[in-house]
Each structure stands twice: as structure tokens, then as C-alpha cells.
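Encoded as C-alpha cells, the structure appears first; notes follow it.
The values are calculated or read from the model by the stated rules, or taken from the named source; none is laboratory data. This one's a predicted model, so the numbers in the text were calculated from it and none came from an experiment. Please note: Cβ atoms are built from the backbone with ideal geometry, for glycine as well, and neighbour counts cover all protein chains shown. With ligands, DNA and RNA removed, areas are computed over all heavy atoms of the protein, side chains included. Shrake-Rupley method; radii C 1.70, N 1.55, O 1.52, S 1.80 Å.
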Amino acid sequence: MANDQQKHPGIDWMPEFSPMNVVKRHSLVMHPGDSWHLAHWYEAPREDPAVPEVYTYTDAMSYAPGEEVAFHTSTTAKDWTLQVYRDGNVPTLVHEAKGLPGTFHATSPHAYRDGCKWPVGHRWRLPADLASGFYRVASSCRFENGASFVQHHFFVVVPVDPAPAGRFLLILPTSTWLAYNDWGGANSYDGIDGPDRNQFSPILSIERPWTRGLLWLPPGAPRLCDPIKRPAWDAPRYYTKEWAYTNGFAQFFASAGWAQFDRHFVIWAEREGYAFDMITQTDLHFRPEILKRYGSAVIVGHDEYWTAEMRDTMDAFVEEGGKVSRFAGNFLWQVRLEDEGRRQVCFKARAHAEDPVKGTDRAKLLSGAWEDPAIGRPGALTFGVNGAQGIYSSWGALAPRASQGFTVYRPRHWAFDGTETHYGDVIGAEAGIFGYEVDGLDYTFRRGLPYPTGDDGAPGLIEILAMAPAVRVEEEHRGEGFRYYLGNGRKDSTTSAKPAGAGGDGGDSDPQRYGSGMIVSMPRGKGEVFTAGSCEWVMGLARGDFCTQQITRNVLDRFLDSKS
């Protein structure tokens, strides 16, 4: 299935209850001839005693077997049910608590920043033999007419095997998930923060629920990339925004998260018979010793936000012989984790004006783009590509009629073994593996082959195996009824989440107007990095694309076998 999501085992979702009842909406703002945006809608409790609802979050993102999970809950129902599933190809119920007494707790207007601070509603000590993986938490309550309210949360169980053999370590890009979680009013893109309640929040708390759609989606939920190429002079469509607004899901549900990205890879890898363990980026930051036990690490999906400490750990891992497979896109922002990981900080385009580390001895930790000279740590040093030289394709007016695949330039590389791929072939187009955000490099061509220029800090040993064009802004045309979601980059800097240099006046003089997405191979020290720099690579696996699957197998198998 194109969107292989599971139904709720043991829970009925009833159409009598619309989740839109718990989503606050603001007015539609349009500027004639310019881009449009909904002035933010977001999920928050109704807090109406007449309407049963339940929300839960955990006191951490991950736990080791044997540790206790604390579930913090607020509900207007007299009782509620909590179920925990180990998610994947075959979701398995591992814990259930029914008839839990319901207690209501008010939600702070700044819960997105400060956390909810609800008391514990349930505790569960994890079994000592619980397997590493992604555990989906379903909290539910029922109406008198039998309809249900269901909310999803998650935690990860980290591995404890001191010498895992034949397994790779999957690192979930949870800092990116957090950046898109606008539950309570704001995320790293939009929100009700600031004196005029119209800004994104540079500080985000993990002590709150996850917004609807990041962790679970129904079958048929759309993806950001256009399902069909738009005919000339048809008005641009933004299918995920339309679907989310209509069905009461988060406006950013399609941009990041387990449901839309990582879960597809996990299902495919389990079906293929791969053995692997799982951690969050918070674990990579605070428990770097876990990665050191493995010879191979994997990252998939939308992977945009990292701390300096995460990069330090990953760089050391590769230098010492580790192998990294990154089937992911949009490596762009430095963030900081504070308060033992409970809070994530990223000021983005506002960093030079507002980030408190600017001008201090911690200035290199400025929460902005990696390519910012004040940070000076090019993304390509870690993964062979960077988000600043890539970005959008195949949706809205962002290269809307692109192939949605990669053009191959070095078909004799080992990654293409068994694919019968030729120079100039386009791979993955039918499955739409190129988009919605991609990573690339500044490049040049010599004798028909692409090479990194190094102008963006890319090491000279990087091999560009395949690539395709991408854009940084929407190219606007004055068609009847045309409205653009991102537009040509004209957005006030106090609310903008774009890196410096992205957009400007949208003119052709903007050096960052155009970019690319790439598949690259990069040796580093004793190790190696392979990157297929596209968020949508996972769709080649979910949709059964031959080349995408074979390349993924080649990389995983080679890197697993190379462990000494």
C-alpha cells in the first residue's frame, strides 16, 4: 500500500466524533497575488466537561528495559483506557490498563514551550526482556453513544545488548519530529508565540502530547508530493493541507514523524528479515555509548535538526570505522537540548538577533543553519550533503513537474549492483522517491559527470552517484486563482523559519534559488557514509520500487558485513 498504516487494534474510531472539535483554527489570510497561509490551526484540548477527551504524554522519549514509564494524563472522561503497542510490520499489544480513573488538569497557554506539567495518571515498569523498538501509546475514552476519542503518544525502548551481532542501529530523527509538533499552539514553523501571538516558538517542550498525525495515520492519508503532475495553468494544490484542515489533523502532519516516514522503513526492513535496534536522537545526544556498540547506523525520512553533540558522536563513529546509511533529507539546522533533553532550542532565522548564546563563548552553538559562518560547520562534513544546497521538489509550485526520481551518473558504483542501471537512467520516479525536501551540494560538471565544487565546505572525496534539481522558493506565475503556500520567499523575518539567503526578493540573482538532491558516497577516516538525500526515499520501499529496494539492500548488507 502507498500509505501502509494500521487500524487501531482493539479501538473503534467512530465517525460520530470529529477530531476537528479539538483543533483550534484561526482565520484564512490572503494577500492578492501573493502567497497564502492559514494563520495557524493547531490541536489543543477543548477542556469542555461535556465532551470526553483524553491526552497523555510520557516523562521521557526513551527507556531501557526494566525502567518505569510515567504517563501524564488529563481527561474530561470519568475513566479511560491506555494501550501500548510495539509498532511495526505486525503491531503487538504489550500493555493494557482499562478503567483508569479520569482526572482533568488545565493546559497552560504556553504548554508548547513550558510543558503541560500534568501529574502522573498511570505507571508501568517495562519488562526486563522487552525488545528495543518503537512503542505507540493509545489513550482512549468513550462517549455515551459508543464513539471513542483516541490520542497517540510514543516512547522508544533502547537496546541493552553489549555486543549486538548482525544488527544495525536505527536512529529516529526525533528532533525533527519535535520541531514540527505544534500541539498546544506552536512549533518551529508557525504558532501563537510572541507578543502578537503570530510567531513560531524557538523553545519547544517534550512534556506535552504529540499532535494528531505525526504518530498514526489512517490508510489513504496523502503525502506532500503531488500525486499527479499538475497540468499547465491549473491552480496549485496543497493536498495535505486541504486534507488536514478537512479531517482535523495537524497542518504539519505530512512534514515529519513516525507515521509518514520512519514506519514505512521499519515495516519494509522487518519484512525483508533485517535485525535492528532503535534509539532516538536524544539518546544519541545523551547516551553516545550506545552507538559505539554497533558497526552500522541507519537514518531515514525527514532528518532536519541535530545538536553539535549528536554530530560529534556520529563523526567519531565514522572516523573509527562505523558505517552510516542515511536514506533521508533536509540536514539543515543546529539545535540545542536543554533541561536534560526536556527542551529543544532553535531560533533559526532569528538566531543572530535573539539567541542568548550569540556573542558568548558558546557562539558556535548558535541555533541556526549549519552553513551560517557564525557556526561554520558544513553539513556535508558529516553526511556528504547539506540541506542548504537542496530543499524542495514535486509539490505546489516547487518544481511541480519534476520527475520525482534520481538521474544516475555513476551506474558502476557498488550501490547499483544488481539493478542493471545505466548512465542517464531515472530511478524511483514511479514511486516518487525524490521530494519533498532533499539534500545536495554545490556542484559542477566535467565530461558529463558531476563533482562537488567544495565551495560549500564539501570534502573532495565525495562521489555524486545520482542527482536531480530542486528549488528553494516557489516560482510564481500569475494564473487565475493562483495562491502559493511558500511563495517566492517574501515573509517577515520575525516569523520566518527559513535560513538566511533563502528567498530574498525571489529574483534570479538569489544564489540559493536553485539546488539539487543527491545520492552520494563518502569515505571518512576508517568508515563510510552513504546518503540518498531525499525524505521520500521510503516511498520506494513502501511502493515496491525495484531499484530503490535493491540499492537499499546493497547498502545495508555491505555495511552490516563490513563490521570487523
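What to note about this one:
- Here the calculated FRET efficiency for Phe104 and Tyr423, from their Cβ-Cβ distance with R0 = 41 Å, stands at 0.05, rounded to the nearest 0.05.
- Length-normalised contact order for the stretch 140-232 - Cα pairs under 8 Å, 6+ apart - percent: 20 percent
- Net charge dipole size for the chain [Lys, Arg +1 and Asp, Glu -1 on Cβ; Debye, nearest 20]: 160 debye
- Taking amide H as placed 1.01 Å from N in the peptide plane, the amide H of Leu465 sits under 5 Å from that of Ile519, Val520, Ser521, each at least 5 places away or on another chain.
- Overall, the stretch 66-112 carries a charge dipole of about 160 debye about its Cα centre when +1 sits on the Cβ of Lys and Arg and -1 on the Cβ of Asp and Glu, all other atoms neutral.
- The stretch 118-252 - charge dipole about Cα centre, Lys and Arg +1 at Cβ, Asp and Glu -1, debye rounded to 20: 280 debye
- Net charge of Cβ neighbours under 10 Å - reference Ala388; Lys, Arg +1; Asp, Glu -1: -4
- Efficiency of FRET from Cβ geometry, Arg197 and Glu319, R₀ 45 Å, rounded to 0.05: 0.45
- Normalised by the number of residues in the chain, the mean separation of alpha-carbon contacts (under 8 Å, six or more apart) gives a relative contact order of 15 percent.
- Only protein heavy atoms count here; under a 1.4 Å probe, Thr92 has an accessible surface of about 70 Å².
- Area accessible to solvent at Cys116, 1.4 Å probe radius, in Å²: 10 Å²
- Cα-Cα separations in the stretch 296-428 greater than 27 Å, expressed as whole percent: 34 percent
- Estimated vicinal HN-Hα couplings, Hz - the stretch 162-172 in sequence order (Karplus 6.51, -1.76, 1.60; Gly, Pro = x): x, 9, x, 9, x, 10, 9, 10, 8, 9, 6
- Volume per residue of the C-alpha convex hull in the stretch 231-292, rounded to whole Å³: 170 Å³
- With all protein chains modelled, accessible area of His477 [1.4 Å, Å²]: 100 Å²
- For Tyr436, the residues whose modelled amide H falls within less than 5 Å of its own, excluding neighbours fewer than 5 places apart on the same chain, are Cys535, Glu536.
- Estimated FRET transfer efficiency (Asp234, Ala165; beta-carbon r; R0 45 Å; 0.05): 0.25
- Under 12 Å of direct C-alpha separation, and excluding same-chain neighbours fewer than eight residues apart, Lys78 reaches these aspartates and glutamates: Glu53, Glu144.
- Prolate/oblate/rounded call for the stretch 168-281, Cα gyration tensor, a/c under 1.5 rounded: oblate
- For the chain, the per residue solvent-accessible surface stands at 37 Å², with DNA, RNA and ligands left out and a 1.4 Å probe.
- Unit charges at the beta carbon, dipole of the chain: most positive-side option, Thr360, Phe265, Met310: Phe265
- Above-threshold pairs, the threshold being 29 Å between Cα atoms, out of Lys117/Lys348; Lys323/Lys364; Lys241/Lys348; Lys292/Lys358; Lys241/Lys358; Lys98/Lys241: Lys292/Lys358; Lys241/Lys358; Lys98/Lys241
- Each residue of the stretch 395-401 was assigned a 3J(HN,Hα) from its phi angle through the Karplus expression (A = 6.51, B = -1.76, C = 1.60, θ = phi - 60°), giving 7, x, 10, 9, 6, x, 10 Hz with x at Gly and Pro.
- When only Cα pairs below 8 angstrom with a gap of at least 6 residues are kept, the stretch 39-159 shows a relative contact order of 34 percent.
- Residue-averaged 222 nm ellipticity for the chain, from DSSP H runs of 4+ at -39500 (n - 2.57), nearest 500: -4000 deg cm²/dmol
- Of the residues Phe168, Ala232, Gln151, the one whose Cα sits farthest towards the positive end of the charge dipole of the stretch 123-246 is Phe168 (charges of +1 on Lys and Arg Cβ, -1 on Asp and Glu Cβ, taken about the Cα centre).
- Close amide H contacts of Ser62 (hydrogens built in the peptide plane, cut-off under 5 Å, sequence separation of 5 or more or a different chain): Val156.
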